[in-house]
Amino acid sequence: MINRTLAIFLFLILCVQAITAQRNCATLDHWEYVVKKHSSTAQSRALIERHTQLYTQNPELRNENNIVIPVVINVVYQHANENISDEQILEQIRVLNEDFGRLNPDADGAWPQAANTDLQFQLANRAPDGTPTTGIRRRYTSYSNFSTYDDVKFAKSGGIDAWPTEHYLNIWVCNLEGDIMGYGQLPGGPAATDGVVIDFQFFGRYGHTQAPFDRGRTATHEVGHWLNLFHIWGDGDCTIDDMVADTPDSDEANHGCPKDAYSCGGKLMVQNFMDYTDDACMNLFTQGQARRMQALFATGGFRSGFLRSPGLMELAQMPDVNTCNDGRQNGDETGVDCGGSCEPCASKISCPAPASINQSNSTTKVTLRWEAVSASGYLAEIRQLKPNLSKWASVVTNSTSASVSGIRIGRTYEWRVRAICQEGDTSDVTGSVFITRNNGRILYDDQPAVYPNPSRGTFYFNPGSAEAPDGPLLFDAGGGDSKTIHSTTSFLLVKNIQGQLVKTHPLNETAQAGFQVDVPGLVAGMYFVHWIDAEGQPLSQAYKLILY
């Protein structure tokens, strides 16, 4: 009887271990918390996805150079075993470089689309203030564990404040509550919490980590989320996509290391780092996943600031602070006055700025004019100020005018002009000129925009009398350079009641009645349809859609 009871007890223990030995990523739970707390993240995500689509669909935008990401490890501990060693941290960095570089010893040829992402990781050697650092920060805490509510990311709640997240990948290592192994913040969330959190038991490789998650792949998985990757099964059924074309459809996570697993009409990629399989089973990212990650670092990408990070600058590269060599504080020197006798440095600007700037305008076109100065040409620049700030766009001309056409209703633009000096430098700007088109407003009629409603599998979108996105905003230098600032593309976004994006449908022409949108496979229920322009700005209110 005792032996039988003992056998049953041991069997139950083994069953519990088998059940609990499953990967548990809390990224989606964390993101739901972020969206509820910060409503602007939905718009940020739409812009990031738009930029990602442009990058992945246009090979000429791709940069094949290797990108090195400076990393800071924030270790928050209460007990000695939570205060992981430097060696364990260095081993995790090695794992990241192996996995993202397709240098992992277990890489195989099972999937031909397996790829080197051209992303590498290095512990920061410079702190934000320019002082040397090991890239490892430690803090004792009175907190026994941390949840997915980001307390570990703030000193006031027992954690460590992030270093500037536009320049450093912040990774917090701590004791996470329950069976949570880690979570990564998707691009587009608040800057103060941007980064990755990993439970100390799953950080690093071998020795101090828990099998079957003892090869450092938890960090690989969560950093993948930080780099804009979703779970390979899309966190839904066969119709919900992970936004990557070369990963097979799947309807659920895989655990352990199943062989020859099939679902959604094809073989499953259980070796992908964004699945839930054991560390020993994972070994690849795909080319499509690599492109999504690389898009973040391209011009205009959400993480392009990392290309200018001070975190990996050598001492010789760091700008001098509070020093000078010429004896005086002058010219471009902004440090201390060391004393001495040299004369002030001459200005490098050798031509005057354009004067008498004025503008004339019609309904949708504005012309900027200025008086000629001694210069080899002129650089005219424009940017949108409202409703959202854009980067400066520029054109070069030898004339004394430039025009912009396609001004949008309800938007404000700023433009300015510089003289191009004979030496190739540019002058100062005299001042900015502002344009606002207020002679109209976006109108919507009372006709149904989404129909039939309820729908099943297919619905139609009719913008009615709403003002569609205008033609391209064209910046023209009158016989010289010209540039298109934005396009006419707009999008329909279909979201479920949790706010999750389940369908993106581009409208590539000026909106007209009767756009057909197919939504096969979506479960019955309530959805919301959003119409946005290429910059992510809403063009109408959200429309309720019932699917049955």
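The set of residues in region 110-129 being surrounded by fewer than 17 Cβ atoms within 10 Å (Cβ to Cβ) and of a type in the set (D, E, K, R) consists of D129 alone. Can you pull out every residue in region 208-234 that is of a type outside the set (V, I, T) and in contact with a helix residue (DSSP H, G or I) (Cβ under 6 Å, 6 or more places away or on another chain)? Matches in region 208-234: H208, Q210, F213, G216, A219, H225, L227, N228, L229. Take the conditions (1) of a type outside the set (A, V, I, L, M, F, W, C); (2) farther than 30 Å from V502 by Cβ; (3) crowded, with 19+ Cβ neighbours inside 10 Å; P132 misses just one of them, which is (3). In the same structural domain as Q185 (by TED's automatic domain parsing) and either free of Cβ contacts under 8 Å to residues at least 60 places away in the same chain or not charged (D, E, K, R) (or both): is that true of E60 in this structure? Considered against the rule, which asks whether it is in the same structural domain as Q185 (by TED's automatic domain parsing) and either free of Cβ contacts under 8 Å to residues at least 60 places away in the same chain or not charged (D, E, K, R) (or both), E60 comes out as yes. Taken over region 285-320, residues that are assigned to a loop (DSSP other than H, G, I, E, B), at pLDDT 95 or above and surrounded by fewer than 21 Cβ atoms within 10 Å (Cβ to Cβ) amount to 0.
Of the numbered conditions (1) under 22 Å from A26 (Cβ atoms); (2) crowded, with 16+ Cβ neighbours inside 10 Å; (3) charged (D, E, K, R), D246 satisfies every one except a single condition; which is it? D246 satisfies all of (1) under 22 Å from A26 (Cβ atoms); (2) crowded, with 16+ Cβ neighbours inside 10 Å; (3) charged (D, E, K, R) except (1).
Cβ separations smaller than 8 Å between residues 6+ apart or across chains give the following pairs from region 224-239 residues that are farther than 28 Å from F121 by Cα to residues that are buried (at least 22 other Cβ atoms within 10 Å of the Cβ) and modelled with pLDDT under 95: C238/S250. In region 55-106, which residue that is hydrophobic (A, V, I, L, M, F, W, C) and in a helix (DSSP H, G or I) is surrounded by the fewest Cβ atoms within 10 Å (Cβ to Cβ)? So the residue we want is A80.
The values are calculated or read from the model by the stated rules, or taken from the named source; none is laboratory data. Note that the structure is a prediction, hence the values are computed from the model and not measured. In this analysis, Cβ positions are derived from the backbone assuming ideal geometry, glycine residues included, and neighbour counts consider all displayed protein chains.
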